[in-house]
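Asks: Here you go, one structure.
The values are calculated or read from the model by the stated rules, or taken from the named source; none is laboratory data. Every value quoted in this text rests on a predicted model; they were computed, and no experiment measured them. Cβ coordinates were reconstructed from backbone atoms using ideal geometry, including for glycine residues, and neighbour counts include every protein chain displayed. Heavy atoms of the whole protein, side chains included, go into the accessibility calculation; ligands, DNA and RNA do not. Shrake-Rupley method; radii C 1.70, N 1.55, O 1.52, S 1.80 Å.
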Amino acid sequence: MVTARLATLRKIRLTQYRNYPSAAFTFSAPIVCITGSNGSGKTNLLDAIYYLCYTKSYFTATQQNSAQQGFDGFRIEGVFEHATDGFEEIVCKWKAGKKEVFHDDVPYEKVTDHIGRYAAVMIAPDDLEIVNGGSDVRRKWMDGILCQTDKTYFDHLLQYQRVLIQRNAWLKMYGLNPPSATAELEYYNAQLAFLGKYLHDGRDRFVREFLPLLEEFYRKLSSGMECISLHYQSDQYAQPLLQALEASMHNDCRLQRTTRGSHKDDLTFVFDGKDLKTFGSQGQKKTYLFALKLAQHAFLTNQLHFSPILLLDDIFEKLDQQRMEALLRILEGGAFEQVFLTDTHANRVSAAFGQTDKLQFVEPGQNL
C-alpha cells in the first residue's frame, strides 16, 4: 500500500451536533482514544468525524436526527493537516433542510464534489447487519466504496436509480393493462442495461481486487484457522441485462416492479465453503466483519492514495482476547495514518497498547 498524500485531522469543533451544544477537540497522536461513560457522546464524536469526510452521518440518513434536540441545525468544523500543503479547513452546516459544505471558506457548488477528498472507515456495533441483513445492505456497502474511487460509477449509479424509479412508476401505471406500444418501457430497459453493465463490471472488478485483501486480514485476525471467500451474485453473469429485462417483462407487469437488474445483485460471504450468514457463529461473523472493514481501508488507501481515518466504536466489547491482540498488532503495523477508538475504560486501552507516545486520550466533556 502506497500513501501519496498524508492528511490527519487536528481539530474539530461541534455546534448543536447530537448531544454537543458546543465542544472542541484537538488531536495530536496517531491513535486517539475517546473515553467516558455510556451516553457521554463518544460515538457521536466519531460520527462527527465521519460527517466531515462524507457530509452525512454514519448512523442516520435523516439530517434532523443529527441536530441537538430542540434545534433545527448543526455545524461541524474540522482542520486537517497535510504533509506538504499545510492546513485545510472543512465546514459542514445544516439548517432547516439546507446543507452547505465549505473548503477553506469556499462553498462547494455541489456537496457531492467533496466526496473522495477525505475518507473514513467505521466499525460500529450494528455493522453485523452487513453479514446478517438483506442484499440491499451489502450492495450499499459495496457501492459506497466504489462511489469514492470511481466518479463515473457514482454518476452511473445515480442515473440507474433514477431510471429504475421511472420504470417502476410505469409498471405501476400500466403493468396490469400494458399498451400495445411500449416504446417508453423499451427506453427504460435500454438505459438500465447500459448503466447496469458499467455497475456490474465495476462490482466484478472490485470483488476480484478486494478478495486478496480480505483473505489477508482474516488470516491475521484468526491465525489462519479458516478459509474464507467472497462471491458476487449477479444475473448479468448468465445473460445481458437487456435480455433479462425483456424476458421478465410479463412477470414485472404482474408484480408492478422491476425484478431483474443491478439493484438485485448481492454478495455472499463464505467461510470453509459455507454461507457465513446461515452457518457462521457470532465469533466467525465478527472476525469476518473486522477483516472486511480492514480490507476496505486497505482498498481505499490503494485507490485514493491516502490513508482513510479508521473509526472503531467499542471494539473491546466485540472480539475475544486472541483476536483483539491480533487487531492491536495490525493497528500498530503502520498502515493507518490516524485511528480513533472509543472505550468506557481508559485503563483497558492503556494496558492493551502499553507505554507508547502514539496514544492520546480525550473525553467528550473536554474543550481543548
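Asks: Could you report the range 82-192's accessible area per residue, 1.4 Å probe, as an integer in Å²?
Replies: Details: 5820 Å² over 111 residues.
For the range 82-192, the per-residue accessible area is 52 Å².
Asks: Just how large is the dipole of the chain about the Cα centre, in debye to the nearest 20, putting +1 at every Lys and Arg Cβ and -1 at every Asp and Glu Cβ?
Replies: Working: 41 positive and 44 negative charges, 116 e Å.
Approximately 560 debye in magnitude.
Asks: Sticking with this one: If the chain between Tyr187 and Phe361 were fully stretched, how many nm would it gain, using 0.36 nm times the residue separation less the Cα-Cα distance? Could the numbers behind the result be given before it?
Replies: Details: separation 174, 0.36 × 174 = 62.64 nm, distance 5.75 nm.
Working it through step by step, the gained length comes to 56.9 nm.
Asks: What whole-number distance in Å separates the alpha-carbon centres of the range 127-155 and the range 107-122?
Replies: Using only Cα atoms, the two centres lie 16 Å from each other.
Asks: Still on this model: Considering the Cα trace of the chain, what is its radius of gyration and what is Dmax, both in angstroms?
Replies: 22.3, 76
Asks: Now for a separate question. Specify the angular offset, from 0 to 90 degrees and rounded to the nearest 10, of the alpha carbon long axis of helix 151-174 from the longest principal axis of the alpha carbons in the chain.
Replies: It works out to around 40 degrees.
Asks: For Lys285, which lysines qualify as cross-link partners when the Cα separation must be under 18 Å and same-chain residues fewer than eight apart are set aside?
Replies: Lys220, Lys274, Lys277, Lys293, Lys318
Asks: Tilt of helix 282-304 relative to the longest C-alpha principal axis of the chain, in degrees (0 to 90, nearest 10)?
Replies: 90
Asks: Relative to a virtual label point 7 Å from the Cα of Glu209 in the Cα→beta-carbon direction, which members of the range 146-163 show backbone nitrogen distances below 14 Å?
Replies: 146-154
Asks: A further question on this structure: Separation between the Thr84 and Ile165 pseudo-spin-labels, each 7 Å from Cα along Cα→Cβ, expressed in nm?
Replies: Rounded to a tenth, the inter-label distance reads 4.1 nm.
Asks: Looking at the range 273-368, which trypsin sites (Lys or Arg not before Pro) are in a loop (DSSP not H, G, I, E or B) and have at most 13 other Cβ atoms within 10 Å? It would help to have the intermediate numbers written out before the result.
Replies: Working: sites: Lys274, Lys277, Lys285, Lys286, Lys293, Lys318, Arg323, Arg329, Arg348, Lys358; in loops: Lys318, Lys358.
The qualifying sites are Lys358.
Asks: If you don't mind, there's one more thing I want to ask. Before anything else, pin down the relative contact order of the range 250-323: Cα pairs under 8 Å, at least 6 apart, normalised by residue count, whole percent. Walk me through the intermediate numbers first.
Replies: Numbers: 27 pairs, mean separation 12.7, N = 74.
Normalised by residue count, the contact order of the range 250-323 is 17 percent.
Asks: Just Asn65, Asn19, Asn177 to compare: in a GNM of the chain, with alpha carbon springs under 10 Å, which one fluctuates most?
Replies: Of Asn65, Asn19, Asn177, the most mobile in the Gaussian network model is Asn177.
Asks: Measuring with a 1.4 Å probe in the full set of protein chains, what accessible area per residue, in whole Å², belongs to the range 1-70? Write down the numbers at each step before the final one.
Replies: Details: 2870 Å² over 70 residues.
Per-residue accessible area for the range 1-70 comes out at 41 Å².
Asks: Principal axis extents for the range 181-319, Cα atoms only, whole Å, descending order, please.
Replies: Principal axes ranked by extent give 61, 37, 26 Å for the Cα atoms.
Asks: Mind listing which trypsin sites (Lys or Arg not before Pro) in the range 179-260 are in a DSSP loop and have 16 or fewer other Cβ atoms within 10 Å? Each step should come with its number before you reach the end.
Replies: Values: sites: Lys197, Arg203, Arg205, Arg208, Arg219, Lys220, Arg254, Arg257, Arg260; in loops: Arg257, Arg260.
Counting only loop positions with at most 16 other Cβ atoms within 10 Å, the trypsin sites (Lys or Arg not before Pro) in the range 179-260 are Arg257.
Asks: Something else: Given charges of +1 on the Cβ of Lys and Arg and -1 on the Cβ of Asp and Glu, with all other atoms neutral, how large is the dipole of the range 59-180 about its Cα centre, in debye to the nearest 20?
Replies: Numbers: 14 positive and 18 negative charges, 177 e Å.
Here the range 59-180 has a charge dipole of around 860 debye.
Asks: Let me ask something else about it. Taking all protein chains in place and a 1.4 Å probe, what share, in percent, of the accessible surface of the chain do carbon and sulfur account for? Before the final figure, lay out the partial values.
Replies: Numbers: 8370 of 16930 Å².
Carbon with sulfur: 49 percent of the solvent-accessible area.
Asks: Also: Sort 154-161, 224-231, 309-316 for me by packing, meaning the mean count of neighbouring Cβ atoms within 10 Å per residue, highest on top. Mind showing how you got there, number by number?
Replies: Working: 154-161: 17.0, 224-231: 14.8, 309-316: 21.6.
Going from most to least packed, we get 309-316, 154-161, 224-231.
Asks: Tell me the angle of helix 183-222 to the major Cα principal axis of the chain, expressed in degrees between 0 and 90 and rounded to the nearest ten.
Replies: The helix 183-222 is inclined about 40 degrees to the chain.
Asks: Keeping all protein chains in place, calculate the accessible area per residue for the range 317-368 (probe 1.4 angstrom), answer in Å². Write out the running numbers ahead of the final one.
Replies: Details: 2810 Å² over 52 residues.
For the range 317-368, the solvent-accessible area averages 54 Å² per residue.
Asks: Further question: Assuming 0.36 nm per residue, please report the length gained on full extension of the stretch Lys197 to His345 beyond their Cα-Cα distance.
Replies: Numbers: separation 148, 0.36 × 148 = 53.28 nm, distance 4.94 nm.
Using 0.36 nm per residue and subtracting the Cα-Cα distance, I get 48.3 nm.
Asks: Would you mind telling me which residue in Lys172, Lys140, Lys110 has the biggest mean-square fluctuation in a Gaussian network model of the chain, where springs connect alpha carbons within a distance under 10 angstrom?
Replies: Lys110
Asks: Something else about it: Leaving ligands, DNA and RNA out of it, rank Tyr50, Tyr198, Tyr218 by accessible area with a 1.4 Å probe, largest first. Write down the numbers at each step before the final one.
Replies: Values: Tyr50 30, Tyr198 75, Tyr218 5 Å².
So, going from the largest accessible area down, we get Tyr198, Tyr50, Tyr218.
Asks: Could I ask something else about it? Among the listed pairs Lys99/Lys197; Lys42/Lys358; Lys11/Lys56, which have their C-alpha atoms separated by more than 25 angstrom in this model? Please list the in-between numbers first.
Replies: Details: Lys99/Lys197 33 Å; Lys42/Lys358 20 Å; Lys11/Lys56 19 Å.
In this structure, Lys99/Lys197 lie more than 25 Å apart at Cα.
Asks: Distance in nm between label sites at Ala29 and Phe71, each 7 Å beyond Cα in the beta-carbon direction?
Replies: With each label point 7 Å from Cα toward Cβ, the separation is 2.9 nm.
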